[in-house]
């Protein structure tokens, strides 16, 4: 009986482990290389719906505060709109492990990827950064690895330099200048500050979340199998 209980427990643990979202820490240079644009945004509104497959989705609508390598065509009614899995719809809540969360009026920096004329968050939650100010300097802080010494945070000016280097962007305005999006300034005027003449590269595939993960994933699976096999044989000897 004890052996059966142990096997059931092992299967449940393995199932949860396999479905968990894992992120591989990528250097900032690699993250920018895999993206096609970057933006500082403020969440304006969101709506939850079911798509054609019956999956609960949330559409976020952002005000664009500052943009790099983004064009007017990437916006809808002068808003940046991103759709993510999960949300609450008609009394049903869908929680996606590892999905990014956005709060009303929250400001953040996003790395974006354009695929077939549609904009996505590059590398899923890895593409979201909190905006923090420390000693008068602005930093972008990783949503996934905030405590990582290498990719936990980066100074804004450094991120701008990396984007300019990787995307070979020619700036029409001073790099890093904040777009004026106050109530006294039309959004359309603000969008005119977007950087132009960019050499964009097309991303390899949509929602590439687990790049570099397979080796770690299967190594972990192997360790778990050895562990539970060891327990199983120990219990078998005890029963005998």
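The values are calculated or read from the model by the stated rules, or taken from the named source; none is laboratory data. From a predicted model like this one, the values you see are computed outputs, not experimental measurements. No Cβ is skipped: glycine too gets one built from the backbone with ideal geometry, and neighbour counts run over all protein chains shown.
Of 121, 126, which residue is surrounded by 11 or more Cβ atoms within 10 Å (Cβ to Cβ), more than 21 Å from residue 49 (Cα to Cα), touching a strand residue (DSSP E or B) at 6+ places or on another chain (Cβ under 8 Å) and in contact (Cβ under 8 Å) with a residue 12 or more places away in the chain?
Only one candidate qualifies: 126.
Criterion first (at negative phi and modelled with pLDDT under 95) does residue 59 satisfy it?
Numbers: at negative phi: yes; modelled with pLDDT under 95: no.
The answer is no for residue 59.
Would you be able to tell me the number of residues in segment 73-112 that are over 15 Å from the mean Cα position of the chain (by Cα), modelled with pLDDT under 90 and crowded, with 16+ Cβ neighbours inside 10 Å?
0
If residue 98 satisfies every condition in (1) touching a strand residue (DSSP E or B) at 6+ places or on another chain (Cβ under 8 Å); (2) closer than 25 Å to residue 159 by Cα but one, which is the exception?
(1)
Taking segment 30-47 only, how many residues are part of a strand (DSSP E or B) and either free of Cβ contacts under 8 Å to residues at least 40 places away in the same chain or surrounded by fewer than 16 Cβ atoms within 10 Å (Cβ to Cβ) (or both)? Full working, then the answer.
Here is the first cut: in segment 30-47, the residues part of a strand (DSSP E or B) are 37-47.
Pick out the ones that are also either free of Cβ contacts under 8 Å to residues at least 40 places away in the same chain or surrounded by fewer than 16 Cβ atoms within 10 Å (Cβ to Cβ) (or both) and you get 44-45, 47.
Total satisfying the criteria: 3.
Can you find a residue in segment 48-57 that is in contact (Cβ under 8 Å) with a residue 40 or more places away in the chain and surrounded by fewer than 18 Cβ atoms within 10 Å (Cβ to Cβ)? Even if it seems obvious, please write down each step before you answer.
At the first step, the residues of segment 48-57 found to be in contact (Cβ under 8 Å) with a residue 40 or more places away in the chain are 48-49.
Checking which are surrounded by fewer than 18 Cβ atoms within 10 Å (Cβ to Cβ) leaves us with 48-49.
Checking segment 48-57: at least one residue is in contact (Cβ under 8 Å) with a residue 40 or more places away in the chain and surrounded by fewer than 18 Cβ atoms within 10 Å (Cβ to Cβ).
Residue 132 fails exactly one of the following numbered conditions: (1) in contact with a strand residue (DSSP E or B) (Cβ under 7 Å, 6 or more places away or on another chain); (2) surrounded by 22 or more Cβ atoms within 10 Å (Cβ to Cβ). What is the number of that condition?
(2)
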